[in-house]
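Participant: Here it is, the structure, as structure tokens.
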Amino acid sequence: MKRAGVRDSYEDAKAYLDACAGPYVSGSTPERRHAFLVEGPKMVEYLERHGMQWVHAEGWSDYHEGEYPGGVARSRSLVAQIFDMRRLGSWRNLVRRSLRPPLRLYEASDLFLWGKTWRSKVAMARVAWRLMLRRLGFDLVGTGMAVQGRLFEIALRAKIPLWNEALVTGLITEGARVAGVLVRRHGRDVRVRAERGIIIDAGGFARNAAMRQQYQPKPTSVDWTNSNPGDTGEVIQMAMALGAAVAIMDLSWWNSVSLRPDGTRSINVMDIAKPYAIVVDAKGQRFVNEATSYVAVGIAMYQRQQQAQAVPSWAIIESRHRRDYGWGGVKPGPPPQEWLDSGYMIKAQTIEDLADRCGIDALGLKATIERFNKFARDGVDHDFGRGKSAYSRFLGDPTVKPNHSLGAIEQPPFYAVKIFPGDVGTAGGLVTDEFARVQRKDGSIIPGLYATGNSTATVVGRSYPGAGASIAAAAVFGYIAAKHAVGQQH
Ligand SMILES: Cc1cc2nc3c(=O)[nH]c(=O)nc-3n(C[C@H](O)[C@H](O)[C@H](O)COP(=O)(O)OP(=O)(O)OC[C@H]3O[C@@H](n4cnc5c(N)ncnc54)[C@H](O)[C@@H]3O)c2cc1C
């Protein structure tokens with residue numbers, strides 16, 4: 001941020017984090033928030049010294065900037081520079097790939113205007129160039145793959161022993177101390193002893209149906225998650241069996257998704273934030289700013305579910321949305337016939353007909369749309385403040401006036417898609433202190449046991465302050481844990 005000329009201070013960051021995270025809870029204590037803010041920049045510099053290449057995510061505003069004090073409109077987030085996987089040599093096939101093009105994530109907002117603005121044309125040209133380089137043999141990746149790839153390269157260069165296909169099946173204790181792990185490797189059980197401590201960084205429990213049923217709000221389903229296949233929760237349970245406390249287990253890193261006819265999930269976070277689209281419950285009523293943090297949207301869906309069916313909700317989409325923005329990364333234009341035939345995307349010439357086909361209250365939907373259209377004309381969403389924050393403008397369309405985030409729903413045909421509270425992992429887990437040490441319910445420490453990332457109760461509380469909040473916390477508390485374990489307390 002300093003290099004990009006973006007001003008920030010501890011005081012501003014603290015005011016913002018406190019406003020987002022809300023009251024102190026286990027995992028999001030004053031001490032942990034302080035440690036996160038103070039050690040974060042050190043972790044960033046440490047990794048950079050070892051070869052990480054960060055890029056300031058220009059424009060990817062803090063999600064609640066404008067709403068809470070201390071937010072930064074130009075972004076506090078970092079992304080990894082585009083990475084060439086060939087740098088990993090024979091290890092490169094071990095990095096999980098997604099279909100995403102080689103992208104610095106903040107470029108996505110321009111990219112998905114599909115050339116409607118000059119900035120969008122530039123973003124498309126950049127990505128097209130990288131795709132061409134791929135054809136020439138460069139194995140370029142962006143987004144999370146670039147983070148993973150570069151970290152992997154650093155670990156390989158440092159000659160850190162790495163085991164793949166090594167399933168942790170138990171924690172080994174010596175008295176009260178956790179002294180190692182039991183690993184299933186190549187069909188054999190191996191005991192690994194650790195002198196200084198174990199750091200659990202095994203993700204959350206989004207793929208564990210029983211834990212979802214036990215802890216998450218209902219309805220819930222493993223079919224809605226985009227988390228990694230190893231997000232299975234058993235390592236959290238191993239620590240719980242040793243008396244570890246857990247907190248914030250009912251929260252996930254919600255991400256609005258729809259379920260495509262082929263069974264895959266489409267992430268629609270950016271789509272529902274574009275003009276000419278709203279999200280409604282079965283009564284046809286809006287209940288959230290569609291262009292705020294995706295975690296806040298998920299929380300709102302479950303809150304709304306207490307009064308009306310909102311899980312799933314419905315995205316109501318107008319013809320200009322289809323013409324200009326596409327859906328789930330599929331380019332704009334008439335929807336694929338398969339979407340219509342399967343009922344994934346419902347099409348109608350009138351709002352009444354659309355409501356009837358979806359089972360939405362037609363009078364409710366008509367009233368909501370009339371009200372929303374007035375907001376779009378005035379440029380002010382008097383109900384949920386959509387289009388006020390820098391983040392909602394970032395996700396919007398600068399050619400739409402007077403508010404980049406608000407477009408009326410009036411020109412047929414109209415479309416609807418069911419929106420589920422999907423997730424990219426769970427946000428609660430083991431309770432840890434400011435040194436990332438795992439705690440029991442009485443606050444005492446389990447000696448030798450540290451944890452970070454989605455295995456832990458998140459430091460950002462019941463919120464998502466800005467892009468990267470989950471990966472950042474995983475990295476910062478991993479860094480803190482390692483320093484503590486080798487005796488370099490911060
Ligand atoms: C499509 C998508 C987009 C995302 N975008 C962002 C973003 O922009 N910014 C952001 O901050 N976050 C993003 N996330 C979320 C982010 O990727 C996760 O929150 C983050 O990776 C969690 O990191 P972690 O270290 O806690 O765990 P993970 O990255 O989940 O790693 C845990 C590892 O432990 C392994 N493991 C589990 N159990 C065992 C066991 N018993 N033995 C051995 N290994 C085990 C798992 O297989 C996994 O490899 C995104 C996620 C997805 C899916």
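Participant: For GLU65, which sequence-distant residues (separation of 5 or more, or a different chain) have an amide H within less than 5 Å of its own amide H, given hydrogens modelled in the peptide plane?
Facilitator: For GLU65, whose amide H was placed from the backbone, the distant partners under 5 Å are TYR391.
Participant: Same structure, new question: Could you check the simple spin-label distance between ASP250 and GLN349, using points 7 Å along Cα→Cβ, in nm with one decimal?
Facilitator: 4.7 nm
Participant: Using θ = phi - 60° and the Karplus curve 6.51 cos²θ - 1.76 cosθ + 1.60, what whole-Hz ³J(HN,Hα) does each residue of region 260-269 get, with Gly and Pro shown as x?
Facilitator: 5, x, 7, x, 7, 9, 10, 7, 10, 3
Participant: Taking the Cα centre of region 253-423 as origin, work out the dipole magnitude from +1 charges on Lys and Arg Cβ and -1 charges on Asp and Glu Cβ, in debye rounded to 20.
Facilitator: Working: 21 positive and 19 negative charges, 73 e Å.
Charge dipole of region 253-423: 360 debye, to the nearest 20.
Participant: What's log10 of I(q)/I(0) for region 10-157 at q = 0.13, 0.20 Å⁻¹, Debye sum over Cα points only, no solvent?
Facilitator: Taking Cα atoms of region 10-157 as identical point scatterers yields -0.75, -1.21.
Participant: Still on this structure: Considering the options VAL72, ASN164, SER227, tell which one lies farthest towards the positive end of the dipole of the chain, charges being +1 on Lys and Arg and -1 on Asp and Glu at the Cβ, about the Cα centre.
Facilitator: Result: ASN164, furthest along the dipole toward the positive end.
Participant: Right, here's the next one. So, with +1 on the Cβ of K and R and -1 on the Cβ of D and E, and no other charges, what is the size of the charge dipole of the chain about its Cα centre, to the nearest 20 debye? Let's see the in-between values first.
Facilitator: Values: 63 positive and 48 negative charges, 285 e Å.
For the chain, the charge dipole is close to 1380 debye.
Participant: Between THR173 and VAL38, take the C-beta separation as r, use R0 = 30 Å, and let me know the FRET efficiency to the nearest 0.05. Show your work: numbers first, answer last.
Facilitator: Working: r = 32 Å, r/R0 = 1.07.
That pair, THR173 with VAL38, gives E of 0.40.
Participant: Enter the Cα centre distance for the pair region 221-279 and region 114-137, rounded to the nearest angstrom.
Facilitator: First find each Cα centre; the distance between them is then 30 Å.
Participant: What is the packing order of peptides 163-172, 325-334, taking the mean over residues of other C-beta atoms within 10 Å and listing the highest first? Present the calculation step by step, with values, prior to reporting the outcome.
Facilitator: Values: 163-172: 13.8, 325-334: 16.5.
Order by mean packing, descending: 325-334, 163-172.
Participant: Could you tell me how many degrees, from 0 to 90 and to the nearest 10, lie between the Cα long axis of helix 30-49 and the main elongation axis, the longest principal axis, of the Cα atoms of the chain?
Facilitator: Once rounded, the angle reads 80 degrees.
Participant: What spacing in nm lies between the two simple spin-label points modelled at GLN214 and LEU136, each 7 Å away from Cα in the Cβ direction?
Facilitator: Simple spin-label model gives 5.4 nm for this pair.
Participant: Please name whichever of GLY364, TRP327, LEU354 sits farthest to the positive end of the charge dipole of region 320-376, dipole taken about the Cα centre and charges placed at Cβ: Lys and Arg +1, Asp and Glu -1.
Facilitator: Looking along the dipole axis, the top candidate is TRP327.
Participant: Right, here's the next one. Angle between the Cα long axis of helix 10-21 and the longest principal axis of the chain, 0 to 90 degrees, nearest 10?
Facilitator: 70 degrees
Participant: Another one. Could you tell me the center-to-center distance, by alpha carbons, between region 320-348 and region 9-25 in angstrom?
Facilitator: Rounded to whole Å, the Cα centres lie 40 Å apart.
Participant: Now for a different question. Could you give the dipole magnitude of region 10-157 about its Cα centre, charging the beta-carbon of Lys and Arg +1 and that of Asp and Glu -1, in debye to the nearest 20? List each step's numbers first, then the result.
Facilitator: On the way: 23 positive and 16 negative charges, 209 e Å.
Computed charge dipole of region 10-157: roughly 1000 debye.
Participant: Could you calculate the contour length gain from ASN164 to THR399, that is, 0.36 nm times the residue separation minus the distance between their Cα atoms, to one decimal place in nm? Please list the in-between numbers first.
Facilitator: Working: separation 235, 0.36 × 235 = 84.60 nm, distance 4.88 nm.
Length gained, ASN164 through THR399: 79.7 nm.
Participant: Continuing with this model, one more query. Angle, helix 469-485 long axis vs. longest principal axis of the chain, Cα atoms, 0 to 90°, nearest 10?
Facilitator: 10 degrees
Participant: For the residues SER98, SER405, SER252, what sequence is obtained by ranking on other C-beta atoms within 10 Å, fewest first? List each step's numbers first, then the result.
Facilitator: On the way: SER98 10, SER405 26, SER252 31.
The most exposed by this proxy come first: SER98, SER405, SER252.
Participant: I've got another one for you. Go ahead and run the numbers for FRET between THR264 and ALA482, Cβ-Cβ distance against an R0 of 30 Å, rounding to 0.05. Please list the in-between numbers first.
Facilitator: Working: r = 37 Å, r/R0 = 1.22.
After rounding to 0.05, the efficiency reads 0.25.
Participant: If the reach is capped at under 19 angstrom between alpha carbons, list the lysines near LYS116, excluding any in the same chain fewer than eight residues apart.
Facilitator: LYS274, LYS331, LYS401
Participant: Mind listing the phi-derived Karplus ³J(HN,Hα) values for region 345-360, rounded to whole Hz, using 6.51, -1.76 and 1.60 with θ = phi - 60°, and x for any glycine or proline?
Facilitator: Going residue by residue, I get 10, 9, 10, 8, 8, 10, 5, 4, 5, 4, 4, 4, 5, 8, x, 9 Hz, with x marking Gly and Pro.
Participant: Tell me which of SER109, LEU136, ALA123 sits at the most positive position along the dipole axis of region 83-136, charges placed on C-beta atoms (Lys, Arg +1; Asp, Glu -1).
Facilitator: Highest projection toward the positive end goes to LEU136.
Participant: Calculated FRET efficiency, SER90 and GLU338, Cβ-Cβ r, R0 41 Å, to nearest 0.05?
Facilitator: Numbers: r = 39 Å, r/R0 = 0.95.
Computed FRET efficiency for SER90 and GLU338 comes out at 0.55.
Participant: Need the full-extension length gain, LYS374 to SER319, defined as separation in residues times 0.36 nm minus the C-alpha distance. One decimal, nm. Walk me through the intermediate numbers first.
Facilitator: Numbers: separation 55, 0.36 × 55 = 19.80 nm, distance 1.80 nm.
Taking LYS374 through SER319 to full extension adds about 18.0 nm, to one decimal.
Participant: Still on this structure, please answer the following. What distance in nm separates the simple spin-label points at GLN81 and GLU48, each placed 7 Å from Cα in the Cβ direction?
Facilitator: Result: 1.2 nm between the two label points.
Participant: On a full-extension model of 0.36 nm per residue, what is the gain between ASP223 and ASP383, subtracting their alpha-carbon distance, rounded to one decimal in nm? Mind showing how you got there, number by number?
Facilitator: Numbers: separation 160, 0.36 × 160 = 57.60 nm, distance 3.20 nm.
Separation in residues times 0.36 nm, less the Cα-Cα distance, equals 54.4 nm.
Participant: Looking at this model, which pairs from LYS159/LYS441; LYS121/LYS374; LYS14/LYS388 are more than 28 angstrom apart at the alpha-carbon?
Facilitator: The answer is LYS159/LYS441; LYS121/LYS374.
Participant: Karplus couplings for region 245-251 from phi (6.51 cos²θ - 1.76 cosθ + 1.60, θ = phi - 60°), rounded to Hz, Gly and Pro as x?
Facilitator: 7, 10, 8, 6, 6, 8, 10
Any read-out appearing in this document is the output of simple, stated calculations on the displayed coordinates, not a laboratory observation. Just so we're clear, the structure is a prediction, and the values are computed from it rather than from any experiment. Cβ sites come from the backbone with ideal geometry, for glycine too, and all protein chains shown count toward neighbours.
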